[in-house]
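Please treat every number below as a calculation from the coordinates, not as lab data. These numbers were taken from a predicted model, which means no experiment stands behind them. Glycine also receives a Cβ, built like all others from the backbone with ideal geometry; neighbour counts cover every protein chain displayed.
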Amino acid sequence: MGFKIINGDITEIESDAIVNAENSYLRQGGGVCGAIFNKAGAKELQNECDQKGYCKPGEAIITKGYNLKAKYIIHAVGPIYRDGKHGEREVLEAAYRNSLLLAKQYKLRSIAFPLISSGIYGYPYNEALEVAKETINKFLIGNDIDVYLVLYK
């Protein structure tokens with residue numbers, strides 16, 4: 001298995017799970033989160049998220065994929081970037097790692113990530129990309145899963 005960085009629309013990726021860059025309240029937002037909710041079926045997905053409740057930054061939860069090509073959506077909460085001196089990197093690493101651990105727990109063979117926290121949460125793009133690559137590559141040592149990092153066109 002391996003790791004690929006691709007350009008595209010994460011809602012169109014054929015993988016066992018796609019990761020949603022989510023907010024702690026698991027509510028439909030803008031950006032990639034809004035696109036995933038809209039494509040999956042916002043009402044049904046929001047109902048399931050409401051049942052899950054709350055997700056702390058750095059953590060992740062899993063829901064059905066509904067109308068997506070992916071069977072599951074893993075909702076990962078990244079950090080809101082302030083200045084890089086408030087544990088943002090550690091929280092971002094945890095968001096990726098906990099998503100990957102959920103995929104492993106559910107015995108998934110493939111997962112697709114957006115670049116978590118690089119949009120409205122303000123994490124500097126190149127730093128977010130570095131954290132994603134490092135965290136994913138560390139996880140792949142000893143774990144057998146295909147990982148896609150989907151950069152929006």
Length-normalised contact order for region 14-98 - Cα pairs under 8 Å, 6+ apart - percent: 34
Convex hull volume of region 76-141 per residue (C-alpha atoms, cubic angstrom): 78
Additional length obtainable on full extension of the chain from Leu140 to Ala35, 0.36 nm per residue less Cα span: 35.0 nm
Principal axis box of region 1-43, alpha-carbon based, largest edge first, Å: 33, 19, 18
R0 of 22 Å, Cβ-Cβ distance Leu151-Lys69: FRET efficiency to nearest 0.05: 0.75
Set of lysines near Lys107 by C-alpha distance (under 29 Å), chain-local residues within fewer than 8 positions excluded: Lys4, Lys39, Lys43, Lys52, Lys56, Lys64, Lys69, Lys71, Lys133, Lys138
Of the GluC sites (Glu not before Pro) in region 7-96, those whose Cβ has at most 13 other Cβ within 10 Å and which sit in DSSP loop: Glu14
Neighbourhood net charge (13 Å Cβ-Cβ; Lys/Arg +1, Asp/Glu -1) for Val147: +2
Full-stretch length increase - Leu129, Phe3 - with 0.36 nm per residue and alpha-carbon distance subtracted: 44.0 nm
Antiparallel bridges, percent of DSSP beta bridges restricted to the chain (to nearest 5): 25
Overall Cα dimensions of the chain - principal axes, largest extent first, Å: 37, 34, 29
